[in-house]
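First the structure, then my questions, so here it is.
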Amino acid sequence: MYIILLGAPGVGKGTQSKRLMTKHGIPQISTGDILRAEVKKESTLGKRVKEIMANGELVSDDLILEIVERRLSQADCAAGFILDGFPRTIPQAEGLDEILRRLDNISVKVIEISVDDAEIIKRLTSRRVCGNCGTLYSILNKTLADLIPCEKCGSKDIFQRRDDTEETIKKRLGIYHETTAPLIGYYKAKGDFHSINGLQTVEEVSADIAGLFAKQLT
Ligand code: AMP
């Protein structure tokens with residue numbers, strides 16, 4: 001089960017990746033999470049990307065491809081993986097094709113989750129994250145106090161990402177439409193591409209994704 005989840009920030013890629021990871025026991029490879037962990041560690045890489053990320057801009061293709069190739073070569077990726085937030089540019093998609101060819105000609109299923117920009121801004125400005133285990137929360141119908149401690153790990157470190165401010169979200173959406181959305185055409189032309197309505201409930205989106213695999217097995 002090799003999956004690319006495509007879609008703008010805030011469409012639910014992280015939530016769906018985590019559900020797929022739990023259900024199928026395959027790793028979620030989120031380039032954003034990998035980079036955030038480096039920033040937290042204050043590593044050389046983390047220092048290089050910290051401001052780029054805070055500004056909502058994209059990290060260089062070469063750097064991202066190096067990170068992804070190293071990660072996909074690890075043993076836990078052999079039976080499957082979910083790519084979340086990668087690829088984000090045509091050169092990244094081309095680089096990924098090369099990596100997959102080297103990794104025994106793996107073929108991926110590409111699933112786009114689509115949501116309109118107004119809904120994304122609403123979702124992301126209210127998104128909160130557990131700093132310890134990464135569980136995603138929303139303060140849309142709750143206060144921050146209701147979310148503490150984290151229901152999964154008990155941590156009190158529930159925070160707002162630096163790039164989840166309205167101004168930076170609008171910038172990230174602009175970059176998505178200009179640079180990442182062309183991947184839809186790229187993957188449609190390749191064949192195994194599917195689009196899902198991300199305005200449905202989390203459970204409905206998961207059911208649609210499961211349906212894509214059920215069809216393949218029948
Ligand atoms: P995300 O958690 O996927 O929203 O990513 C957060 C930030 O990490 C992005 O706004 C970029 O600065 C950086 N980033 C994550 N994935 C990529 C990627 N595939 N290409 C370039 N930059 C990325």
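Any read-out appearing in this document is the output of simple, stated calculations on the displayed coordinates, not a laboratory observation. Model, not experiment: these values are computed from the prediction. Quick reminder, even Gly has a Cβ in these numbers, built from the backbone with ideal geometry, and neighbours come from all protein chains shown.
How much of the calculated P(r) for region 1-153 lies past 26 Å, in percent of all Cα pairs? Before the final figure, lay out each step's value.
Numbers: 3359 of 11628 pairs.
For region 1-153, the share of Cα pairs beyond 26 Å comes to 29 percent.
Still on this structure: Among residues other than residue 57 whose Cβ falls under 9 Å from its Cβ, what is the net charge (Lys/Arg +1, Asp/Glu -1)? Don't skip to the answer; put the middle values down first.
Numbers: positive: 171, 172; negative: 51.
Local net charge: +1.
Tell me, in nm to one decimal, what length is gained between residue 145 and residue 166 on full extension, where the rule is 0.36 nm per residue of separation less the Cα-Cα distance?
Numbers: separation 21, 0.36 × 21 = 7.56 nm, distance 2.19 nm.
Full-extension gain reported as 5.4 nm.
Label residue 203 and residue 102 with points 7 Å out from Cα along Cα→Cβ: what is the distance between them in nm?
Using points 7 Å along Cα→Cβ, the separation is 4.4 nm.
By counting other Cβ atoms within 10 Å of each Cβ, how are 194, 24, 177 ranked from fewest to most? Provide the component values of the computation, followed by the final result.
Working: 194 17, 24 14, 177 11.
Result, fewest neighbours first: 177, 24, 194.
Just need the relative contact order of region 13-90 here, percent rounded to a whole number, with Cα pairs under 8 Å and 6+ apart.
Numbers: 64 pairs, mean separation 36.0, N = 78.
Result for region 13-90 is 46 percent.
Sort 117, 146 so the one with the fewest other Cβ atoms within 10 Å of its own Cβ comes first. Each step should come with its number before you reach the end.
On the way: 117 15, 146 10.
Fewest to most other Cβ atoms nearby, the residues stand as 146, 117.
If you don't mind, there's one more thing I want to ask. How high is the FRET efficiency from residue 118 to residue 76, r the C-beta distance, R0 35 Å, rounded to 0.05? Write down the numbers at each step before the final one.
Values: r = 38 Å, r/R0 = 1.08.
The computed FRET efficiency comes out at 0.40.
Normalised by the number of residues in the chain, what is the relative contact order in percent for Cα pairs under 8 Å and 6+ residues apart?
On the way: 289 pairs, mean separation 61.2, N = 218.
Contact order relative to length: 28 percent.
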